[in-house]
Every structure is written in C-alpha cells, then in structure tokens.
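For reference, the structure discussed in these notes is given below.
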Amino acid sequence: MVSLTFPLLVAALGEAVSERAGVYNLGMEGYMLFGAYFGFYGALVGHSLWVGLIVGVVAGLILSVVHAYCSITLRINQIITGVALWLVGIGVTSFLHRSLTSGESKDVGTFTDVNFGALAKIPWLGDIIFQQNFLTYLGFVLVVVLAFVFKRTKFGVLNAATGDNPVAVDLAGHSVSRIRYASVLVCGAMCGLAGSYLSLGVLGTFSENMTSGKGFIAFCLVIFGKWDPKRVLLGALIFAGADALQARLQAVGLPVAFPFLLMIPYVLTLIVLVTAMRKGEAPTMLGEPYSRSEG
Amino acid sequence: MLRKSGLVYLVLMCLIVVAIGAIGCGEATEETTTSETTVSSDTTTAPDSSDTTAAGGEESTTTSVASVDVSGVKMAINTYGTKTDGSWSESISDAYEALKEKYPDLDLIFTDNVPENDRPQLMATQASDGRSLIYCDSVYFPAIQPVAADHPDTWYVMPELTEDDLAVLPDNVTTYFFSYAEPCYLAGVAAGLETKTNTVAAILGLTGLPDLNSAAYAFFEGAKSVNPNVKFILGVTGDFIDVQKGYDQTIAAIDAGADVIMHFADNAGKGVIKAGVEKNVKLVGEAKDQLPLAPQNIITSYQCPHAYFVELALLDFASGNMSKGVKSFSMSDEIPELFGLYPLTNVSEETKAKVEEIKQQIIDGTLVVEPVTETADLEKLVQESK
C-alpha cells in the first residue's frame, strides 16, 4: 500500500502547487516517466541511487519548463500542451530505453529500508510504518512542508492568489509569470521525484510506460483533496489502501469476480470524490492564461 | 515578433521530439531483396514436415526447408506490447530477429507497442504497402476481421486461435494452435514438489483469455497431481503493463502463503519477479527463459514458440501451402523441446526426475493434458483448494 501511496501523493502535491497558481499539468504522466527513466539511467551510469534520484528530479523539472513556457509565456491551451508532453514522455523514454540501455531492465537496486530497530517488529503496524525507505517518509514530510508553505509563507499566499486573482497579484507588484513558472517547475520536480520512486524506490529498474496512468490518478487526487496537502494525502491513502485491499481480497480467494475487485480503488475514489466535492473550490483562474494587457 | 518566432521554434522542436518518440514506439526494419534466395537447411529447429492437422481433419505438411524460395515475400510481424517486456512481446521480437538473420534477403518489418485503436490502421497500411504475409499475436484478434476482409490478397497468421475463432474470420486468416497447458502442467508439478508452504500462486494479467486460463489451470492441476494438499492463489493484475501492479499482487500472494509463483502477465511480470526476488520465493517465468532476471529464484519458464511459428508461416506461404485452418502443435510432436519448459534450475534432483517422467508421459500420449479455458472452472479449482 505504501509503495503506491508515495508516487501518487508526491505527484499530486506537485500538481496542487501548480493548480493553485492557475496552471494545469496534464503532462504529469510524462514528467513521472522522465523521472522514472532518468532516475534509473542516472543510477546506472552514476553507480549511485542518489545520483539517479537527483537526475530524475531534474529531468521532470526540465520537461515542465517546456510546459511552463508554452502555457505561461506563449499562453497555449494548457490541456493541449499537457497531453503533448505526456506523449513526449512516453515516446522519449521508450526511445532512450531502447537506444541507451538496449531495452534491458537492468537492476540498479533500490533504496534500503530505514532501520527503526524494534519498532519494525511490531505486528502489522511495523511492516506498514517502520519498514519503508526514506523516500516514503519524505512524502509524508512534504505534506507537512507544503501545508506550512501554503499557509505561512509569502510564496504560499502569492501562489494561491495567483490562481484566484492574478490581476490583484500583478497590481501588488508581483510577477504572475514568475510565480506560475516557479509553481510549474515545482510540480515538474515533484513528479520527477515520484517517477524516480517507481524505478529506484520499489522496482530497481525501468520498464516502458511503467507509470501506467498514475499521473492521471494523481491529477484526480488533487481535485479530491481540494488543493489541500492534508486532503491530498488522505486521497492517496484511500486509493492506495483500496488497491492493496483488492490485492489481498484476491489472495485470500474472496468469491467475487476479479473485475469487480479490480474496480474497488476507482469506484471508492469516485464515491468519495462525488460526495466530498463542493462547488467553488477550484482556483478561480485555473487554466486561464494571464496577460497584463488583457487582465 | 520575438514571441511568434519562438512559437515556431518551439513547435518545430516538439514535432522533432514527438517524431523521435514515435520512432521509438514503433520500430520497422525493411530489407529488400534483389535476387533469389535459397533457404539454408542447417538448422535443428527449422519447421520441417511437421505433424499438422488442418480444420476438418485434413493433413497439411510443410515443405522441406531447403527447397523454399522466400525472395519476393514481403512480411510483417506485429505484437501488441513493448519488445522490452522481457516475456511475451520480447519473444516475438526475438522471433523477428532470428528470422531476419536467417533470411537476410527477406523483406521483413516488425512493429510493437501499438495502441488498440491503431491496430486496424496499422495492418491495413501494411497490406496496402504490399505486405503479403502478416503475423500478429492474438491480441490483434478484434482488429483482424475487418482488415482481412478488405485485403483478401494478404495472408494473416495469428497463433492460438480456435476453430470457433477462425469460423468468423475471412479465408485469408489462419492459425497455429499451441496449448500452454502441457508446459504449465509440468511447471505445476515442479511447483507442487518444491513448495514448502503447500501454497502456489498464479499471477495473470487478465482472466477470460483462453490461453491464460488454460496456463493457470494446468499449473494448478500439475501441482495437485503430486501434492494433493496444495492450496492455490490466483491473482489478477488487470493490466499487462503496470509493473507495480504485478509487484503488489505478488506481495499479496506471498503474504497469503505462496512460495512458488508463476506469472502470465507480460510486462507486469517484471513486478512479479521483483517481488519474488525480494521475498525469496520460487518463480516460473513466461515465454522466454527468465532465469537471467532472477538466477536464484526462477525454477523454469514455459515456452512460447513464436520463433518456430513465424518461420513456419513464412515457409508455408512461400511454398504455397498456406491455407485456412487450425494447425495444432504439442509436446507429443517431434519437437517437444520447443513446446515445453526451459531447463529446470533451483530445484531438487527428485523434482527434475519427476518432471522428466511426466514429460515423457505427455510425449508418449500416456498422459493427456487438456486445456481448460473457462474462467469459472479456474475459479472453482482455486476455491476448492481452500
């Protein structure tokens, strides 16, 4: 359960930062794939998981620069550029995987679990909470950090204001473009981190299209979480927990057709989304490019 | 003006990048022929006069390798998944590479990783391009019917179809049928003897597909034949690509007690193997010899004879022997090494001896392993083992 929580959580947190500033990132899947591949490749050639992690984060960030330029500076439709970058992510990583590593799923290893000593031996809880690698705990730390940033820092206030009323932000003397650029880049970096987790935190290798839609699930979790880090964490835990539950229900042989079990995480998330969603929660200017002359 | 030129530059860059990605997603290699080519006969695995049975009980034999001229044949091989999946699609890619090497003058292309919606267009384009022989895996089944009807001059070869499947398809579609039941039964025998927890598991990409169901059913039956008390766990990822789902599903099976696990999950199988290595359980690989992926854990892999089938298709076509019908193959044919298991490793000598004994029974016909393809039967078998 925890291995699925982290990539969803971190990617969704990054997207929350970006959407609060008013910019959609449908290309999250592409950023995550970049993070997964370049994280793997960085670890392979750098002979270090840490090198791979940094390379993966930077790779996601670099791809997000393209989105930022297209959507903020050129004011191209954010949905279109996002979808394009998703496809670029799939194509480029597949191409590079076949070209640079001959398509082989070489094992670069994974980050080891943090040693909590006796705490790891606590029945059931020990396995879930105290037998994870540091990236998993980093995800939870990021929730706290972002919650603090959103509420207590100048950037957090400007980030939200840019998404709701960029004209006011502009009139106050702040650069809407810079705030949006920074927000999109944070999203790219965090999605790169989420992707790197898949290749370096769990599987120790890269496989083509290994994100398999997790970027889009994270996109939905942002809406579910109403752009609040704590609620995003809850959404990620619900989805990942439901996914782990259906796997265990299969393993114990619950006499229910498999398609219904496989549906559990998606149906549960939809139910919670529908019942918890209220109108008027999204940033007012989400998806709208800003221009001073038109503001 | 600066913004407009920047826009043009950016659009051009994006197009270049997407083009690179498109090239990476689908690979096609063409080699043209300018002269007649006589096929070499110095191979021990080349299709020869096989024991084949066409639909309606008529026998059809392939022509001897040495006399077939493949020059002028334009062929395509397509697979649904990525050729780097380490199992199913990679075995088809390997078949393409082997064929290309053996017949260097053959005009042959290969395409992988094709989205479902693009498959009809792909095959139609290949046929319009003059490809007279197209080999594609069974995942292309929904796409074949309209395309084959529109291109009656092109032969479409799709393995693992049944007579019922063929009945609804045009006359220019044929199949080579091979059951996974026999090799998976043997793998199950090994699993039943090797399990210490009396629990074995099968992780599938989907249920409802006859070949996957028959593989898992036979695996469980084989385990039960040597270990009547063995319990079964069936896990379905719902996805042939998501490696993490394969990993999570396998962890769940291991937590439920399984210590020998087979998979038929293609790319998601990498997650199965990763989980198996992490938890140090025994594994049965799919389609290719997956021992290099987990040298301490893989006990065997069951074979998918695509290399044999693509060459057989080529020779049948080039010799004019191609006809609509189900040509069946099994271990009891003269080439059991192509339709069985890769060598057993990480198992006891007793297990090896037992598997060999039962293998001979299958080859002799003493033991008949019928494929059971219904999901309900598979689920019932699993429930009864609890």
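Looking only at region B:80-114, count how many residues are in contact with a Ser or Thr (Cβ under 9 Å, 6 or more places away or on another chain) and within 13 Å of chain A (Cβ to nearest Cβ).
15
Starting from region B:269-281, keep only residues that are more than 15 Å from residue B:256 (Cα to Cα), then list their pairs with residues that are of a type in the set (Lys, Arg) whose Cβ atoms are within a distance under 7 Å, requiring at least 6 positions of separation or different chains.
B:271/B:245
Of the residues A:29, A:19, which single one is among the acidic types (Asp, Glu), assigned to a helix (DSSP H, G or I), within 16 Å of the chain's Cα centre (by Cα) and within 14 Å of chain B (Cβ to nearest Cβ)?
Checking each option against the conditions leaves just A:29.
Among the residues of region A:68-79, count how many are within 16 Å of residue A:28 (Cα to Cα) and either more than 11 Å from chain B (Cβ to nearest Cβ) or touching a strand residue (DSSP E or B) at 6+ places or on another chain (Cβ under 8 Å) (or both).
Qualifying residue count, region A:68-79: 5.
Of all helices (runs of 4 or more DSSP H) completely enclosed by region A:163-228, which ones contain at least 2 residues that are of a type outside the set (D, E, K, R), within 30 Å of residue B:86 (Cβ to Cβ) and open to solvent by less than 50 Å² (accessible area, probe 1.4 Å)?
Where helices (runs of 4 or more DSSP H) fall fully within region A:163-228 and carry at least 2 residues being of a type outside the set (D, E, K, R), within 30 Å of residue B:86 (Cβ to Cβ) and open to solvent by less than 50 Å² (accessible area, probe 1.4 Å), they are A:176-196, A:214-224.
I'd like to check something: does region A:89-110 contain any residue that is outside any helix (DSSP H, G or I), acidic (Asp, Glu) and either closer than 20 Å to residue A:142 by Cβ or modelled with pLDDT of 95 or more (or both)?
Within region A:89-110 (the criterion being outside any helix (DSSP H, G or I), acidic (Asp, Glu) and either closer than 20 Å to residue A:142 by Cβ or modelled with pLDDT of 95 or more (or both)), the answer is no, since none of the residues qualifies.
Is there any pair linking a residue in region A:197-208 that is more than 7 Å from chain B (Cβ to nearest Cβ) and among the aromatic types (Phe, Trp, Tyr) to one that is part of a loop (DSSP other than H, G, I, E, B) and surrounded by fewer than 24 Cβ atoms within 10 Å (Cβ to Cβ), with Cβ under 9 Å and at least six apart or on different chains, and which?
A:197/A:111; A:206/A:101; A:206/A:106; A:206/A:108
Mind checking which pairs have a first residue in region A:105-121 that is within 19 Å of residue A:209 (Cα to Cα) and among the charged types (D, E, K, R) and a second that is assigned to a loop (DSSP other than H, G, I, E, B) and modelled with pLDDT of 75 or more, Cβ under 8 Å, 6 or more apart or different chains?
A:106/A:205; A:107/A:204; A:107/A:205
What are the pairs with Cβ atoms under 8 angstrom where one residue, in region A:160-173, is of a type in the set (Gly, Ala, Ser) and the other, located anywhere, is surrounded by fewer than 17 Cβ atoms within 10 Å (Cβ to Cβ) and in a loop (DSSP other than H, G, I, E, B)? Sequence gap at least six, or different chains.
Qualifying pairs under 8 Å: A:163/A:284.
Has region A:97-112 got any residue that is farther than 28 Å from residue B:90 by Cα, within 12 Å of chain B (Cβ to nearest Cβ) and of a type outside the set (Phe, Trp, Tyr)?
Yes, some residue in region A:97-112 is farther than 28 Å from residue B:90 by Cα, within 12 Å of chain B (Cβ to nearest Cβ) and of a type outside the set (Phe, Trp, Tyr).
Any residue in region B:135-142 that is surrounded by fewer than 24 Cβ atoms within 10 Å (Cβ to Cβ), in contact (Cβ under 8 Å) with a residue 40 or more places away in the chain, of a type in the set (S, T, N, Q) and on the phi < 0 side of the Ramachandran plot?
Yes: one or more hits.
Suppose we keep only residues that are open to solvent by 60 Å² or more (accessible area, probe 1.4 Å) and part of a helix (DSSP H, G or I) within region A:241-258. Which one would you say is nearest to the other protein chains (Cβ to nearest Cβ)?
A:248
I'm told residue B:311 meets every condition in (1) open to solvent by 10 Å² or more (accessible area, probe 1.4 Å); (2) within 17 Å of residue A:208 (Cβ to Cβ) except one. Can you identify the failing condition by its number?
Here residue B:311 meets the rest and fails (2).
Looking only at residues that are β-branched (Val, Ile, Thr) and in a helix (DSSP H, G or I) in region B:341-386, which one is surrounded by the fewest Cβ atoms within 10 Å (Cβ to Cβ)?
So, considering only residues that are β-branched (Val, Ile, Thr) and in a helix (DSSP H, G or I), the one surrounded by the fewest Cβ atoms within 10 Å (Cβ to Cβ) is B:363.
Do we have residue B:241 as modelled with pLDDT of 95 or more, out of contact with any Phe, Trp or Tyr (no Cβ under 9 Å at 6 or more places or on another chain), of a type outside the set (Gly, Ala, Ser) and on the phi < 0 side of the Ramachandran plot here?
Judged against the criteria, residue B:241 is not a match.
Those residues that are within 26 Å of residue A:90 (Cβ to Cβ) and either open to solvent by less than 10 Å² (accessible area, probe 1.4 Å) or in contact with a strand residue (DSSP E or B) (Cβ under 6 Å, 6 or more places away or on another chain) (or both), I need them from region B:109-130; list them, please.
Listed by number, the residues that qualify are B:109, B:110, B:111, B:112, B:123, B:126.
Out of B:383, B:296, which single residue is over 19 Å from residue B:226 (Cβ atoms), within 14 Å of chain A (Cβ to nearest Cβ) and modelled with pLDDT of 95 or more?
Only one candidate qualifies: B:296.
Within region B:88-145, track down each residue that is β-branched (Val, Ile, Thr) and more than 21 Å from the chain's Cα centre (by Cα).
The one that is β-branched (Val, Ile, Thr) and more than 21 Å from the chain's Cα centre (by Cα): B:125.
Just name the residue that is least open to solvent (accessible area, probe 1.4 Å) out of those in region B:249-305 that are over 19 Å from the mean Cα position of the chain (by Cα) and acidic (Asp, Glu).
B:259
Can you confirm whether region A:259-272 contains a residue that is surrounded by fewer than 16 Cβ atoms within 10 Å (Cβ to Cβ), more than 14 Å from chain B (Cβ to nearest Cβ) and either within 18 Å of residue B:205 (Cα to Cα) or out of contact with any His (no Cβ under 7 Å at 6 or more places or on another chain) (or both)?
Scanning region A:259-272 turns up at least one residue that is surrounded by fewer than 16 Cβ atoms within 10 Å (Cβ to Cβ), more than 14 Å from chain B (Cβ to nearest Cβ) and either within 18 Å of residue B:205 (Cα to Cα) or out of contact with any His (no Cβ under 7 Å at 6 or more places or on another chain) (or both).
Among the strands (runs of 3 or more DSSP E) contained in region B:172-288, which hold 2 or more residues that are touching a His at 6+ places or on another chain (Cβ under 8 Å) and either away from chain A (no Cβ under 12 Å) or over 30 Å from residue B:145 (Cβ atoms) (or both)?
Answer list for region B:172-288: B:199-204, B:282-287.
Limited to region B:340-379, what total is found for residues that are of a type in the set (A, V, I, L, M) and under 30 Å from residue A:249 (Cβ atoms)?
Within region B:340-379, residues that are of a type in the set (A, V, I, L, M) and under 30 Å from residue A:249 (Cβ atoms) number 3.
Do the conditions hold for residue A:75, that is, is it more than 17 Å from the chain's Cα centre (by Cα) and over 28 Å from residue A:219 (Cα atoms)?
no
Give just the number: which of (1) surrounded by 24 or more Cβ atoms within 10 Å (Cβ to Cβ); (2) under 23 Å from residue A:149 (Cα atoms) does residue A:43 not satisfy?
It fails just one condition, (2).
Scanning for something open to solvent by 20 Å² or more (accessible area, probe 1.4 Å) and part of a loop (DSSP other than H, G, I, E, B), does region A:48-58 turn up at least one residue?
yes
The values are calculated or read from the model by the stated rules, or taken from the named source; none is laboratory data. Everything quoted here is computed from the prediction, not taken from an experiment. Every residue, glycine among them, receives a Cβ derived from its backbone with ideal geometry; neighbour counts consider all protein chains shown. In case anyone asks, the SASA skips ligands and DNA or RNA and just uses the protein heavy atoms, side chains included. Shrake-Rupley method; radii C 1.70, N 1.55, O 1.52, S 1.80 Å.
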